[in-house]
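**Q** One structure, as structure tokens, below. Some questions next.
The values are calculated or read from the model by the stated rules, or taken from the named source; none is laboratory data. This structure is a prediction, so every number in the text was calculated from the model and none was measured. Note that each Cβ is placed from the backbone with ideal geometry, even for glycine, and that neighbours are counted across all protein chains shown.
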There are 2 protein chains.
Amino acid sequence: MADQGGELARARFVEQFALVLNESGMQRMPARVFAYVLASDAQTHTAAELAEGLQVSPAAISGAVRLLVDMSMLVRDRAPGDRVDHYRIYSDDIWMTVVGRQESMYRHIDTLLSNGLRTLAPGPGHRRVHETREFYRFVESQFDTLATRWEAHRAALRTSREPVRSASGE
Amino acid sequence: MADQGGELARARFVEQFALVLNESGMQRMPARVFAYVLASDAQTHTAAELAEGLQVSPAAISGAVRLLVDMSMLVRDRAPGDRVDHYRIYSDDIWMTVVGRQESMYRHIDTLLSNGLRTLAPGPGHRRVHETREFYRFVESQFDTLATRWEAHRAALRTSREPVRSASGE
DNA sequence: AAAGCAATTCACAAAACTGTGAATAGTGTG
DNA sequence: CACACTATTCACAGTTTTGTGAATTGCTTT
């Protein structure tokens, strides 16, 4: 039972990283699917491949990919004349996409806190919630900065890491 | 019985915000307890008060506060000659404390990704995981900046807010 | 040292979550 | 137009989580 190319190690890594994502609020199965797609060498995966690779039923994949597509982490596409869907990482810079996604969540939290503040009588509690809102707003305001700096950082990494690449399709 | 001073509204807010914290990875009961302490006017709370306020058993409070104390979000203290523990928000700048807490998590993720990279054969998967690690590292490196800026922002808010209302009571 | 409380622990029941298998719907092909 | 095959939905079962009630522990006071 030779582990050709360390696929076993890869599987282990996928589970570990999925756990991290899980603890950050992502549901278990979507986390596993995403980690799998991220760490795999293939550029696209069919549902059947994912089910096989993760040893779960197609039903589980169906739900997971729907969520991931909804949250813009994966894209589903199907070449004309093909019968199966293919999934791949949504963006070349997926993590920035993820950060971008947080914004709607922050908006939600902001309104929740704002509504709370309106109903809370003045006092220490009100003061703490107010400061909480300020903090969330501040963090959100830093996302732009983060994006800019990451872009630069990333570009720097790319040029220093590179020149291994030929012309045609990736 | 009238809802004196909107305590009902406060309770509702507590539940909503607890849900937010919950979705960010905090367990349900600790999230409720923390939200309650945050939004309450009292500076300290006994376990009995928390149990009463949240309508749960003392046993549930015991577990929740232990976790919150462990994660440095609440402090437990007991005045000499007092028989009960009193809990209060750990820091005046609690959210920065929370951010600080993330660092150990990031260290863990970093080693996990690094170990993964060592076992992964070169290829697209390796490349993506590598970039993932770079991203996590980058975000972590931004925490310092965040802390500094927040400090300034907060100070500014304080001074601009202070002269508005100063007197007693309200 | 015994009583009185608060805090904690533990076994257990209720509730929530997760993934499966089977049925259903949808789509392209011969 | 019917077939072949993929994707999705749904009821259900296994598992995990969560909070309770009943002890148990530990401290303080008398």
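**Q** Taking the residues in the range A:62-84 that are within 12 Å of DNA strand D (Cβ to nearest atom) and under 29 Å from B:Ser114 (Cβ atoms) as candidates, determine which candidate is surrounded by the fewest Cβ atoms within 10 Å (Cβ to Cβ).
**A** A:Leu67
**Q** Let me ask another. On the basis of being of a type in the set (Val, Ile, Thr), in a helix (DSSP H, G or I), in contact with a helix residue (DSSP H, G or I) (Cβ under 8 Å, 6 or more places away or on another chain) and within 7 Å of chain A (Cβ to nearest Cβ), does B:Val139 make the cut?
**A** In short, no.
**Q** State all residues of the range B:8-23 that are in contact with a Gly (Cβ under 8 Å, 6 or more places away or on another chain) and more than 15 Å from A:Leu117 (Cα to Cα); if no residue qualifies, say none.
**A** Residue satisfying the conditions is B:Glu23 alone.
**Q** Still on this structure, please answer the following. On the given criteria, is A:Ala152 surrounded by fewer than 17 Cβ atoms within 10 Å (Cβ to Cβ) and in contact with a Gly (Cβ under 7 Å, 6 or more places away or on another chain)? It would help to see each step written out before you state the result.
**A** Working: surrounded by fewer than 17 Cβ atoms within 10 Å (Cβ to Cβ): yes; in contact with a Gly (Cβ under 7 Å, 6 or more places away or on another chain): no.
It is false that A:Ala152 is surrounded by fewer than 17 Cβ atoms within 10 Å (Cβ to Cβ) and in contact with a Gly (Cβ under 7 Å, 6 or more places away or on another chain).
**Q** Hey, another quick one. Filter the range A:75-88 for residues that are within 16 Å of DNA strand C (Cβ to nearest atom) and either within 14 Å of chain B (Cβ to nearest Cβ) or not basic (Lys, Arg) (or both) and give the result. Give the steps one after another, and end with the answer.
**A** Just the residues of the range A:75-88 that are within 16 Å of DNA strand C (Cβ to nearest atom), to begin with: A:76-86.
Scanning the range A:75-88 gives A:Asp77, A:Ala79, A:Pro80, A:Gly81, A:Asp82, A:Val84, A:Asp85, A:His86.
**Q** Only one of (1) away from DNA strand C (no atom under 16 Å from the Cβ); (2) more than 21 Å from A:Gln27 (Cα to Cα); (3) in contact with a helix residue (DSSP H, G or I) (Cβ under 8 Å, 6 or more places away or on another chain); (4) not in a helix (DSSP H, G or I) fails for A:Ser91. Which number is that?
**A** Only one criterion is unmet by A:Ser91, namely (2).
**Q** Would you check if A:Val20 is more than 11 Å from DNA strand C (Cβ to nearest atom), among the hydrophobic types (A, V, I, L, M, F, W, C), more than 30 Å from A:Glu134 (Cα to Cα) and assigned to a helix (DSSP H, G or I)?
**A** Answer is no for this residue.
**Q** Test A:Ala11 against the stated conditions and say whether it is more than 28 Å from A:Tyr136 (Cβ to Cβ), within 16 Å of DNA strand D (Cβ to nearest atom) and either modelled with pLDDT of 95 or more or within 13 Å of chain B (Cβ to nearest Cβ) (or both).
**A** no
**Q** Also, I was wondering about something else. Which condition does A:Arg128 not pass, out of (1) surrounded by 15 or more Cβ atoms within 10 Å (Cβ to Cβ); (2) over 19 Å from the mean Cα position of the chain (by Cα); (3) touching a residue at least 24 places away in the same chain (Cβ under 8 Å), if it passes all the others?
**A** It fails just one condition, (3).
**Q** Pick from the range A:26-52 the residues that are surrounded by fewer than 23 Cβ atoms within 10 Å (Cβ to Cβ) and of a type in the set (D, E, K, R): which of them is nearest to the other protein chains (Cβ to nearest Cβ)?
**A** A:Asp41
**Q** Right, another one. Starting from residues that are within 25 Å of B:His126 (Cα to Cα) and free of Cβ contacts under 8 Å to residues at least 12 places away in the same chain, keep the ones in the range A:43-68 and report whichever is farthest from DNA strand C (Cβ to nearest atom). It would help to see each step written out before you state the result.
**A** First, pick out the residues of the range A:43-68 that are within 25 Å of B:His126 (Cα to Cα): A:43-56, A:61, A:64-65, A:67-68.
Imposing the further condition that a residue be free of Cβ contacts under 8 Å to residues at least 12 places away in the same chain reduces the set to A:49, A:51-52, A:55.
Details: A:Glu49: 15, A:Ala51: 8, A:Glu52: 11, A:Gln55: 7 Å.
Among those residues, the one meeting the criterion is A:Glu49.
**Q** Sticking with this one: Scan the range A:25-42 for residues that are more than 12 Å from DNA strand C (Cβ to nearest atom) and assigned to a helix (DSSP H, G or I) and report the count.
**A** 6
**Q** Looking only at residues in the range A:106-131 that are in contact with an Asp or Glu (Cβ under 6 Å, 6 or more places away or on another chain) and facing chain B (nearest Cβ under 9 Å), which one is nearest to B:Ala18 (Cα to Cα)?
**A** Here is the first cut: in the range A:106-131, the ones in contact with an Asp or Glu (Cβ under 6 Å, 6 or more places away or on another chain) are A:106, A:122-125.
Applying the additional criterion that residues be facing chain B (nearest Cβ under 9 Å) yields A:122-125.
Values: A:Pro122: 21, A:Gly123: 20, A:Pro124: 18, A:Gly125: 15 Å.
Among residues in the range A:106-131 that are in contact with an Asp or Glu (Cβ under 6 Å, 6 or more places away or on another chain) and facing chain B (nearest Cβ under 9 Å), the one nearest to B:Ala18 (Cα to Cα) is A:Gly125.
**Q** Of the conditions (1) more than 11 Å from every other protein chain (Cβ to nearest Cβ); (2) closer than 24 Å to B:Val139 by Cβ; (3) surrounded by 15 or more Cβ atoms within 10 Å (Cβ to Cβ), A:Glu103 fails just one. Which one is it?
**A** Here A:Glu103 clears every test but (3).
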